[in-house]
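Each remark here refers to the structure printed beneath this line.
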Amino acid sequence: MCIFCKIIAGEIPSAKVYEDEYVLAILDISQVTYGHTLVLPKKHCTDILDVDQETMMHIASILPNLSKKIVSNTKALGCNILSNQGEVAGQTVNHLHFHIIPRYGSDDSIVINFNESKKQDLDEVLKTIKG
Ligand code: AMP
Ligand code: ZN
């Protein structure tokens, strides 16, 4: 059983932010910023490449209101919603989860950069992606 399944089963304690039949939200043990929350489906799936549509719909249906509540009650200015898929993308727990990371300003201990690697031929990229 994975660590998040153990949390869902109550075998490992967690700080519960939200819970319903399908979804659990807990405080991340490493608070990247104040209020950093993880949203996970109760049904185990590895990542977004593995999740079924119904489970994903349940996650999606609670993300906006939960994010609004967290941002509003922490008096944050905004938030990042992140989900790492696979080790190459930084995933360390192989149970799908979404990070809600409240943002307070430029001195937040999180840096996200989108740097262009090299110029791509977008027509060629489209062809590849569409298959
Ligand atoms: P990721 O690297 O995207 O897979 O994120 C995994 C997250 O799970 C990390 O931010 C960890 O701090 C968090 N984490 C690991 N174990 C626990 C735990 N027992 N309770 C709460 N958060 C955890
Ligand atoms: Zn699991």
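The values are calculated or read from the model by the stated rules, or taken from the named source; none is laboratory data. Computed from a predicted model, the values in this text were never measured in an experiment. Neighbour counts are summed over all protein chains in view; Cβ atoms, including those assigned to glycine, are modelled from backbone coordinates with ideal geometry. These area figures cover heavy atoms from the full protein model, side chains too; ligands, DNA and RNA do not enter into them. Shrake-Rupley method; radii C 1.70, N 1.55, O 1.52, S 1.80 Å.
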Every listed condition ((1) closer than 20 Å to Ala89 by Cβ; (2) hydrophobic (A, V, I, L, M, F, W, C); (3) more than 13 Å from ligand 1 (Cβ to nearest atom)) holds for Ile3 save (3)
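Residues of the stretch 99-131 being basic (Lys, Arg) and in contact with a Leu (Cβ under 7 Å, 6 or more places away or on another chain), which ones?
The answer is Arg103, and nothing else.
When only residues in the stretch 91-111 that are among the polar types (S, T, N, Q) and within 11 Å of ligand 1 (Cβ to nearest atom) count, which is least open to solvent (accessible area, probe 1.4 Å)?
Taking the stretch 91-111 as the starting set, the residues that turn out to be among the polar types (S, T, N, Q) are 91-92, 94, 106, 109.
If we keep only those that are within 11 Å of ligand 1 (Cβ to nearest atom) too, we end up with 91-92, 94.
Details: Gln91: 13, Thr92: 125, Asn94: 88 Å².
Here the residue is Gln91.
Can you find a residue that is among the β-branched types (Val, Ile, Thr), touching a His at 6+ places or on another chain (Cβ under 7 Å) and open to solvent by less than 90 Å² (accessible area, probe 1.4 Å) anywhere in the stretch 47-65? Reasoning before the result, please.
Of the stretch 47-65, the ones among the β-branched types (Val, Ile, Thr) are 48, 51, 55, 59, 62.
This time we only want the ones that are touching a His at 6+ places or on another chain (Cβ under 7 Å), so: none.
Checking the stretch 47-65: not a single residue is among the β-branched types (Val, Ile, Thr), touching a His at 6+ places or on another chain (Cβ under 7 Å) and open to solvent by less than 90 Å² (accessible area, probe 1.4 Å).
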Tally up the residues in the stretch 16-41 that are surrounded by fewer than 17 Cβ atoms within 10 Å (Cβ to Cβ) and free of Cβ contacts under 8 Å to residues at least 40 places away in the same chain, please. 8
Those residues of the stretch 30-58 which are more than 16 Å from ligand 2 (Cβ to nearest atom) and on the phi < 0 side of the Ramachandran plot, in sequence order: Ser30, Gln31, Val32, Thr33, Tyr34, His36, Thr37, Gln53, Glu54, Met57
